[in-house]
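Report on the following structure.
The values are calculated or read from the model by the stated rules, or taken from the named source; none is laboratory data. All of these numbers come straight from a predicted model, not from anything done at the bench. Here Cβ is always computed from backbone atoms with ideal geometry, including for glycine, and neighbour counts include all displayed protein chains. Heads up: the accessible areas ignore ligands, DNA and RNA and are worked out on the full protein's heavy atoms, side chains in. Shrake-Rupley method; radii C 1.70, N 1.55, O 1.52, S 1.80 Å.
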Amino acid sequence: WKKVLYERQPFPDNYVDQRFLEELRKNVHARQYRYRAVVFQSGAVVQQLCSVCVFALTWWYMDAGMLSPQGLFGAALVSSLLGYVLFDAVDGGAGRWASGRTRWADLKSTLVFIAFTYGFSPVLKTLTESISTDTIYAMSALMLLGHLIFFDYGANAAIVSSTLSLNMALFASVCLASRLPRSLHAFVMVTFAMQIFALWPMLQKKLKARTPRCYVGVTVLFALAALAGLATVSSVGAVLFASLLLAVSCLCPYCLIRLQLLKDNIHGPWDEAEIKEDLSRFL
């Protein structure tokens, strides 16, 4: 018996001999994970959960009158300047030199964004007046959940969309800003949302790539700050959020590694043929 179909043989077409299972291979493309590496990679998820928590707490403080828009804008401005300097200091300006973007261009973009946001803040404040507050809260929660789902955590997946994730977060900020007392509150809230959902992840990605230890330290400090802020609002919420962070950073990586041991993908001569040769020259 020969494994060909173009010769007439005294066997049926679906006949196989005893050597059929000799080519059986298991878990050819399975990846071996290390617990510390998986915990390190889960830091991106922890960062975004804490970002959403800090954003919601900031809105709550402003809505309750415990945080002034001037104070928030000043703190956000100082932190943005520090982050801007750190962003260039991490790689010695190599990223800026490669992109060809100057500091003057960054300053112009910042001023244009602030000017347009401030000019349209009265519109943002009254944009959703005809919508009930309960609907606004529901839409904001749904948009923030979508932001977490579609955010780019570093995985090469079809569901990842940084643009969609950012737009959903900004939409949630506009919805929540419309329930604040004044237009100035709405302006500061949208500006803060851009900082924490757009600029902060960029700095974190560079820290993760260049200085992993610094990235871990910043992640831990950011999580502790979010938990401390949440504890001032709800102790039960702080405990639940801490449990969520521990589950994401410790329990889920452990479950992933344990489930990898149960993986049993089989490969053999029954697999579909794969053409590995470059066929672009024929197109």
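Starting at the first residue of region 237-249, write each ³J(HN,Hα) from the Karplus equation 6.51 cos²θ - 1.76 cosθ + 1.60 with θ = phi - 60°, in whole Hz, x for Gly and Pro.
x, 5, 5, 5, 5, 5, 5, 5, 5, 5, 5, 5, 8
For ALA105 and ALA75, what does the FRET efficiency come to when R0 = 30 Å and r is the distance between their Cβ atoms, rounded to the nearest 0.05?
My answer for the efficiency is 0.75.
Can you spot the lysines whose alpha carbon is less than 28 Å from LYS206's alpha carbon? Ignore those fewer than 8 places along the same chain.
Straight-distance partners of LYS206: LYS108.
Using label points projected 7 Å from each Cα along Cα→Cβ, tell me how many nm separate LEU148 and TYR35, to one decimal.
2.5 nm
Given a 1.4 Å probe, how much area per residue of the chain is accessible, in Å²?
Result: 65 Å² of accessible area for each residue.
For the chain, max minus min Cα coordinate along each principal axis, in Å, sorted largest first?
That gives 88, 49, 44 Å along the principal axes, largest extent first.
Would you grab the residues whose amide H sits under 5 Å from the one on HIS267? Only those 5+ places off in sequence or on another chain, please, with H modelled 1.01 Å from N.
ARG25, LYS26, ASN27
Quick check: at a probe of 1.4 Å, how many percent of the accessible area of the chain sits on carbon and sulfur atoms?
65 percent
What does the charge count around TYR118 come to, taking other residues whose C-beta lies under 13 Å from its C-beta (Lys +1, Arg +1, Asp -1, Glu -1)?
Result for the local shell: +2.
As a test of the definition: which semi-axes, in Å, follow for region 102-172 when you take the square root of five times each eigenvalue of its alpha carbon gyration tensor? Largest first, please.
25, 24, 6
When the chain is fully extended, how far beyond the present Cα-Cα distance does PHE20 get from ARG182, taking 0.36 nm per residue of separation?
Once the chain is fully extended between PHE20 and ARG182, it gains 50.8 nm.
With the crude spin-label approximation of a point 7 Å out along Cα→Cβ, what separation in nm comes out for ILE266 versus ILE159?
Here the modelled spin labels are 3.0 nm apart.
May I ask for the net charge around ALA94, where only other residues with Cβ less than 12 Å from the Cβ of ALA94 are counted and Lys, Arg are +1 while Asp, Glu are -1?
Summing Lys/Arg as +1 and Asp/Glu as -1 gives +1.
For an R0 of 35 angstrom, estimate the FRET efficiency from the Cβ-Cβ distance between PHE120 and LEU82 and round to the nearest 0.05.
The pair PHE120/LEU82 has a calculated efficiency of 0.80.
Which trypsin sites (Lys or Arg not before Pro) in region 191-260 sit in a loop by DSSP (not H, G, I, E or B) and have at most 12 other Cβ atoms within 10 Å of their own Cβ?
none
I'd like the chymotrypsin sites (Phe, Trp or Tyr not before Pro) in region 1-48 restricted to DSSP loop residues with at most 15 other Cβ atoms within 10 Å, sorted by number.
Within region 1-48, the qualifying chymotrypsin sites (Phe, Trp or Tyr not before Pro) (loop, at most 15 other Cβ atoms within 10 Å) are TRP1, TYR6, TYR15, TYR33.
Once both axes come from the Cα atoms, what is the angle between helix 200-210 and the longest principal axis of the chain, in degrees from 0 to 90, rounded to 10?
50 degrees
Can you tell me the 0 to 90 degree angle between the C-alpha axis of helix 212-231 and the longest principal axis of the chain, rounded to 10?
Rounded to the nearest ten degrees, it is 50.
Once you treat every alpha carbon in region 124-283 as an equal point and sum by Debye, what is log10 I(q)/I(0) at q = 0.10, 0.12, 0.14 Å⁻¹?
-0.59, -0.78, -0.97
For LYS263, what charge total do you get from the other residues with a beta carbon under 14 Å from its beta carbon, if Lys and Arg give +1 and Asp and Glu give -1?
+3
Helix 69-90 versus the longest principal axis of the chain: what is the Cα-based angle in degrees, 0 to 90, to the nearest 10?
Helix 69-90 sits roughly 40 degrees off the main axis of the chain.
Within region 75-117, name every residue whose backbone N is under 14 Å away from a label modeled 7 Å from Cα of ARG210 along the Cβ vector.
Taking a point 7 Å out along Cα→Cβ of ARG210, the residues of region 75-117 whose backbone N falls under 14 Å are 82-99.
Leaving ligands and nucleic acids out of the surface, order SER165, SER130 by accessible area at 1.4 Å, largest first.
Ranked from most to least accessible, the order is SER130, SER165.
Give the dimensionless ratio obtained when the Cα radius of gyration of region 36-195 is divided by 2.2 N^0.38 Å.
My calculation over the Cα atoms of region 36-195 gives 1.13.
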